[in-house]
Amino acid sequence: MRDFLVNLKKRPIIIIFVALVTAGGCFAVQYNSFTKEFGSLTRLFKTDYPQLLTDVAAWLKDRVSDPTLLATTVAVAILALFAISVIGAFFVSGFSYIMYVNTYNGIHRIPKKRNSFSLFREGVNKRFLSIAVYIFFSLLILVCMTGLLAYLIMPVSVAVGKVIAGDTSQIIPMLLLVVVIIVVTFFSVVFFAMYTAYLIPSIIAFKRGAVRVAFKIVNSYCWYLIPRTLLFLVYNLAIEIALLALNYGYGYGRKTTVIMITMFACNWILRTLGILYYTHYVFKTYIEMKEDLFDEA
């Protein structure tokens with residue numbers, strides 16, 4: 001914790017950057033049509049998920065059956081991912097370079113010598129393209145993984161519905177399906193989070209071989225990293241559940257502007273603190289583990 005506070009004190013721009021990005025993300029999540037429709041625990045419990053997934057499948061089928069519509073949909077999706085990747089790479093490459101240098105100097109007790117803006121510019125010049133490719137494929141994998149996990153949950157929803165309807169013969173199959181889905185979801189989400197997190201400092205540290213080094217670190221120290229990564233994910237999940245319990249979807253209830261701003265502010269502050277601490281943890285442990293692996297070699 002002391003290293004974390006010292007590093008932030010040396011580079012206040014880290015706090016400013018994370019706070020601004022988190023504010024934009026929180027605003028986009030809270031004020032959109034999806035959150036307006038589903039931003040409530042009550043609404044989520046009442047949703048017919050098998051029917052929802054069936055509607056999504058029908059939507060996809062309509063596009064697959066029409067080559068022109070399919071090509072247009074794919075092109076728009078790729079362009080959207082490309083645009084997000086390019087814009088994100090500009091900021092992430094510069095910020096990550098500052099974070100890496102600042103954390104490295106903190107570990108090795110090197111006094112701060114260069115200002116943040118020159119480090120930001122150097123990070124963009126050196127790692128912009130690599131970070132853009134990283135963001136593009138990370139988002140693509142995330143979309144595919146989310147879709148697959150959503151359709152894996154469908155059999156569980158059907159089994160639970162039958163048990164609730166009184167079909168006791170489905171209790172054991174339901175429990176088995178629930179266990180399998182929990183295990184698959186747990187390892188998919190946790191390892192995806194670890195790999196994507198540790199790829200960023202690795203890309204900053206290495207011009208070539210960044211993926212190999214990041215994967216080696218995660219694979220070598222996975223049982224040490226899993227509890228910390230899981231804690232970060234649970235922390236964010238707890239915030240989301242609390243907001244859903246308060247019906248933070250702006251289509252629910254009659255909320256005053258003060259209440260909406262208060263929920264937004266609490267969400268923003270808590271997320272910012274969590275991201276700041278976890279980012280510092282990732283960069284710090286990456287540098288330490290990388291040096292440990294190299295020393296062993």
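So the values come out like this:
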{"quantity": "Structure-based [θ]222 nm, the chain - -39500 (n - 2.57) summed over DSSP H runs of at least 4, per residue, nearest 500", "calculated": "-30500 deg cm²/dmol"}
{"quantity": "Estimated distance in nm for a label pair at T262 and F38, the labels positioned 7 Å out from Cα along Cα-to-Cβ", "calculated": "2.8"}
{"quantity": "Scattering profile of the range 64-146 at q = 0.12, 0.21, 0.22, 0.23 Å⁻¹ [log10 I(q)/I(0), Debye over alpha-carbon scatterers]", "calculated": "-0.49, -0.93, -0.97, -1.01"}
{"quantity": "Span-rule helices in the chain, defined as complete DSSP H runs reaching 20 Å or more along the axis (Cα) with Kyte mean at least 1.6", "calculated": "12-30, 171-205"}
{"quantity": "Lysine pair number, Cα distance threshold 14 Å (strictly under), the range 2-296, separation 8 or more or different chains", "calculated": "6"}
{"quantity": "Length-normalised contact order for the chain - Cα pairs under 8 Å, 6+ apart - percent", "calculated": "31"}
{"quantity": "Distance-filtered residues of the range 11-29 - backbone nitrogen under 18 Å, label point 7 angstrom along F117 Cα→Cβ", "calculated": "11-17"}
{"quantity": "Extension reserve of the L69-I87 stretch, reckoned as 0.36 nm per residue once the Cα distance is removed", "calculated": "3.8 nm"}
{"quantity": "The chain - charge dipole about Cα centre, Lys and Arg +1 at Cβ, Asp and Glu -1, debye rounded to 20", "calculated": "1180"}
{"quantity": "Selection from I84, F45, L243, by position along the positive dipole direction of the chain (Cβ)", "calculated": "I84"}
{"quantity": "Quotient of Cα Rg and 2.2 N^0.38 Å for the chain, N being how many residues it contains", "calculated": "1.14"}
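We did not get these values from a lab; they are worked out from the coordinates using the rules stated. Note that the structure is a prediction, hence the values are computed from the model and not measured. As a convention, Cβ positions derive from the backbone with ideal geometry for all residues, glycine included, and neighbour counts pool all protein chains shown.
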